[in-house]
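Data first, discussion second: the structure below is written as C-alpha cells.
Please treat every number below as a calculation from the coordinates, not as lab data. Note that this is a predicted model, so its numbers are computed, not measured. Heads up, the Cβs are rebuilt from the backbone with ideal geometry, glycines too, and the neighbour counts pull from every protein chain shown.
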Amino acid sequence: MRSALAVVLLFLSLPAAPSRAQPAPSPTPAPTPASEGTAGPAEAPGEEALREPPRPGTPGAPAPAEEPDTSGLLPRFNLYLPDGRADIRLLKPIRNSLFEMQVAYNFVSGDISAFLRYKYYGRTGTSTFSFFDTIEFSDLSRFSNEFTRTRGGLYLLRVPLDFYNRLYGLAEFDRLTFSNPLEEPDANKTNLYLKTGYQYGTPSDERSNAIVGEARDRVFNLFTALREIGPHGRGFSVAATWSVDLLGADYTYVKTEFEAIQAIPTGRNRLVLRLHGGYFPYRKRVRENFDPAVSTPFSIPRYELFSLDSRNALRGYRGRERGTSEAHLTAEYAVPFFRDARKNVAGLDWESLYAVGYAGTGNVGDGTSVYGAFRDYRVDLGAGIESSLSYRRTRVFVSALAARTVVRGVGGVRFLLSLRSYR
C-alpha cells in the first residue's frame, strides 16, 4: 500500500512541471580511467580545457579510451542492499547540454523520488536547473502509512578556477507537506536557502559534490579506496548554507560543513582517510516540546540536520539520532588481489578485485561540546571487498561490507552491498 500510494502521489504531480524545463545535475556522460585501475565519471566538458594532460608516451599519460556512444540515452543504475534503494538515471547529452531523468525508489520502505535536470556547459561555468518531488514514509517500526512530501527546485552554478579548484553557488526552495498536517509542526512550510562552496580535488568526487552543490544528488559509494582523488591524493570541500525567511519562507539558520580526504599509497596497497565535520553557527529555537523522530526544537527542517547512520558516514551504525553538530573520521585500507587485468569468469570481464579493511569513529549532537566528548564517540570496524568488472559495454562496480559499531553501537553486524553500473 505504501508503494502504491507513493507512486500515485508522485506521478500525479509530475505533469505540473514544464516539459521543456527538464533539468539535469552534474553526472557526466562516460567514465574515464582512474588512477587505481578502476574508472570514475568523465570530466565535465566545461573543465576539460582547464587541464593540461600529459603527452602520450610520457609517465602518467592515460591510456587511450574508447569514445562513448552518445547517440542515445546513457543509462546509469545504482542498487543498495539491504537498504532496498534503487537509483535509475537516464542521461541525454546534446551538444554542450545534458538532460537527466532520475527515479530513486526504496522497495523496503516505499520511499520514492523523481528528479528532472538540465545542465548547460558554458565557457566560464556550468549551470544546472533541477526540479524534484520526494515522498518518504515514516519508520517501518511504526506500521503506519504516514508520509512526508518535499517538492522544490534549484539553480546550481559551478565555476572552475582550474582543473582542481572550483567555486559553487546554489539557490533552492523546498516545500514540505505531510499526510497528517495537524500533527506535524513543519507541515506546509517552505525552506528557501542559498549556499556557497569551494572544492579542491577532482570533479568526479561525488561526496564532495553533494556537500558544495545539490545535496540530494548523491551516490552512496561504500568505499573511496579505488576512486581517483585530487592532486597528490588530496581533496577538500567546504560549504556554507544560509536559510532566509523571505518571500514566504519559514526557516532561518546558518549551516556550515566541510570534508577533507587524503589517500596514502603504501606500496601496492592504499590507505584513504576521510574527515567530515558540520556545525550550525546560527539556529533559532522555536519549540520546547518536540518529537526528535519527526521534528527539531529549532527553525531547521529535520533533513538538514547531521547524522551518522549513512553509507557516507559510519557504515555499521544503526542509530537514527540527528543534531546540529557532527564529526566523523573514517579509514579504508585496500589490498589488491589483482588489478589492471582481465579475468573472464561466467562471461564477465573482471578488471580488479580488492580486499578493504574499514574503521570509523564519530559523534553527533547539539552544541560544540560534541566535538570534545570523546567518551561519547562511536567506533566502527568492518571488512569488505570492491571490484570492477564489465559486460560488453557496461561497467559495473561491486562493493560489499560487513561492519559493526563496537563502541556505543545499536544492534549487531550490518551487511551492505552496492552495485553501480553505467555505460
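Using a Förster distance of 41 Å, how high is the FRET efficiency between residue 366 and residue 264, based on the Cβ-Cβ distance and rounded to 0.05?
On the way: r = 34 Å, r/R0 = 0.83.
Efficiency for this residue pair is about 0.75.
When the expected Rg is taken as 2.2 N^0.38 Å, what fraction or multiple of it is the alpha-carbon Rg of region 365-423? The partial results should precede the final answer.
Details: Rg = 17.5 Å, N = 59, 2.2 N^0.38 = 10.4 Å.
Taking the Cα Rg and dividing by 2.2 N^0.38 Å, one obtains 1.69.
Using the Cα centre as the reference, give the magnitude of the dipole from point charges on the C-beta atoms of region 108-255 (Lys, Arg: +1; Asp, Glu: -1; all else neutral), rounded to the nearest 20 debye. Could the numbers behind the result be given before it?
Numbers: 17 positive and 18 negative charges, 134 e Å.
With Lys and Arg at +1 and Asp and Glu at -1, about 640 debye.
How much length, in nm to one decimal, is gained on full extension between residue 83 and residue 123, taken as 0.36 nm per residue of separation minus their Cα-Cα distance? Walk me through the numbers on the way to the answer.
Details: separation 40, 0.36 × 40 = 14.40 nm, distance 4.04 nm.
Additional length available on full extension: 10.4 nm.
Using only Cα atoms, what is the ratio of the radius of gyration of region 189-276 to 2.2 N^0.38 Å? Show your work: numbers first, answer last.
Values: Rg = 15.9 Å, N = 88, 2.2 N^0.38 = 12.1 Å.
Working it through for region 189-276, the quotient is 1.32.
Could you give the length gained by full extension between residue 338 and residue 247, i.e. 0.36 nm per residue of separation minus their alpha carbon distance, to one decimal place? If you can, show how the numbers build up before the last one.
Numbers: separation 91, 0.36 × 91 = 32.76 nm, distance 5.70 nm.
Contour length minus Cα-Cα distance gives 27.1 nm.
Kirkwood hydrodynamic radius, computed over distinct alpha-carbon pairs, for region 164-310: how many Å, to one decimal? It would help to have the intermediate numbers written out before the result.
Numbers: mean 1/r = 0.0588 Å⁻¹.
That comes to 17.0 Å for region 164-310.
Report, in whole Å, the centroid distance computed from the Cα atoms of region 116-177 and region 239-316.
Using only Cα atoms to place each centre, the spacing works out to 16 Å.
Can you compute the modelled spin-label distance between residue 187 and residue 331, with each label point 7 Å from Cα toward Cβ, in nm?
5.0
What FRET efficiency comes out for residue 159 versus residue 410 if R0 is 30 angstrom and r is the Cβ-Cβ distance? Round to the nearest 0.05.
Numbers: r = 42 Å, r/R0 = 1.40.
Step by step, r from the Cβ atoms, then E = 0.10.
Return the sequence-ordered ³J(HN,Hα) values of region 289-306 in whole Hz as given by the Karplus equation 6.51 cos²θ - 1.76 cosθ + 1.60 applied to θ = phi - 60°, using x for Gly and Pro.
Listing the rounded values in order: 9, 7, 9, x, 6, 10, 8, 10, x, 9, 7, 9, x, 4, 5, 8, 6, 8 Hz.
Give me the Kirkwood hydrodynamic radius of region 242-326 in Å, from all C-alpha pairs, to one decimal place?
Numbers: mean 1/r = 0.0660 Å⁻¹.
Kirkwood radius, region 242-326: 15.1 Å.
Using all Cα-Cα distances in region 307-369, what percent lands in each 5 angstrom bin from 0 up to the longest?
4, 15, 17, 14, 11, 10, 10, 8, 6, 3, 1
Which value results for Rg/Rh of region 322-406 when Rg is the Cα radius of gyration and Rh the Kirkwood radius based on the inverse mean 1/r? If you can, show how the numbers build up before the last one.
Details: Rg = 18.3 Å, Rh = 15.2 Å.
Value, to two decimals: 1.20.
What per residue convex hull volume, in Å³, do the alpha-carbon atoms of region 133-234 yield?
Numbers: hull volume 12.2 nm³, N = 102.
So the per-residue hull volume is 119 Å³.
Give, to the nearest whole percent, the P(r) tail of region 269-423 beyond 25 angstrom, counting all Cα pairs. Intermediate results must be reported in sequence, preceding the final value.
Details: 5201 of 11935 pairs.
Roughly 44 percent, rounded to a whole number.
With θ set to phi - 60° and the Karplus curve 6.51 cos²θ - 1.76 cosθ + 1.60, what are the ³J(HN,Hα) couplings of region 186-199 in order, to the nearest whole Hz, using x for Gly and Pro?
Values per residue, Gly and Pro as x: 9, 5, 6, 10, 10, 10, 10, 9, 10, 9, 10, x, 10, 10 Hz.
Show the residues, 5+ positions off or on another chain, whose built amide H is closer than 5 Å to the amide H of residue 379.
So residue 379 has HN proximity to 406, 407.
Give the lysines reachable from residue 119 as a straight Cα distance under 24 Å; neighbours fewer than 8 places away on the same chain don't count.
Excluding near neighbours in sequence, the set is 92, 195.
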